[in-house]
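These notes concern the structure reproduced below.
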Amino acid sequence: GKVSRAFKSSMEVFIDVWYENRKGKKTKCNEAIYTFVAVNKKQQPVAVPKLKPESNEEKNRFEGALRRKQLSLILAGKMNPNEATELKSLFIK
């Protein structure tokens with residue numbers, strides 16, 4: 001697993017799952033995306049450090065994380081679709 005993007009107090013973790021056969025050949029068999037929120041001892045959200053993607057894969061996952069977050073917020077009724085600029089950029093040029 002690897003953190004794909006850190007927000008104010010949450011971070012998205014992208015997990016790749018690999019299978020290795022007896023001959024040592026590795027095959028990607030699954031992937032998952034989890035979101036975690038950092039909290040203090042009082043269970044209150046705390047800030048997490050920013051993340052700087054370096055590889056092309058990290059940059060793609062970093063950009064995608066914001067779109068996934070915006071979509072999640074819209075579906076939860078916590079964001080107006082007109083405010084989701086990154087998500088809208090996929091559909092409106």
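The values are calculated or read from the model by the stated rules, or taken from the named source; none is laboratory data. What you see is a predicted model, and the numbers here were worked out from it, not measured in a lab. A quick note on method: Cβ atoms are made from the backbone with ideal geometry, for glycine too, and the neighbour counts reach across all protein chains shown. Keep in mind that these areas ignore ligands, DNA and RNA; they rest on the heavy atoms of the full protein, side chains included. Shrake-Rupley method; radii C 1.70, N 1.55, O 1.52, S 1.80 Å.
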**OP:** Any chance you could count how many residues in the range 45-92 are among the polar types (S, T, N, Q) and surrounded by 10 or more Cβ atoms within 10 Å (Cβ to Cβ)?
**Re:** 5
Original post:
Looking at Leu51, is it modelled with pLDDT under 95, farther than 17 Å from Val13 by Cβ and touching a helix residue (DSSP H, G or I) at 6+ places or on another chain (Cβ under 8 Å)?
Top reply: no
Original post:
Can you tell me which residues in the range 68-87 are without any contact (Cβ under 8 Å) to a residue 40 or more places away in the chain, among the charged types (D, E, K, R) and outside any loop (DSSP other than H, G, I, E, B)?
Top reply: Glu83, Glu86
Original post:
Just wondering, is there one or more residues in the range 13-26 that are closer than 22 Å to Glu86 by Cα and open to solvent by 70 Å² or more (accessible area, probe 1.4 Å)?
Top reply: no
**OP:** Quickly run through the range 67-83 and pick out the residues that are over 19 Å from Asp16 (Cα atoms) and not polar (S, T, N, Q).
**Re:** Arg67, Lys69, Leu71, Leu73, Ile74, Leu75, Ala76, Gly77, Lys78, Met79, Pro81, Glu83
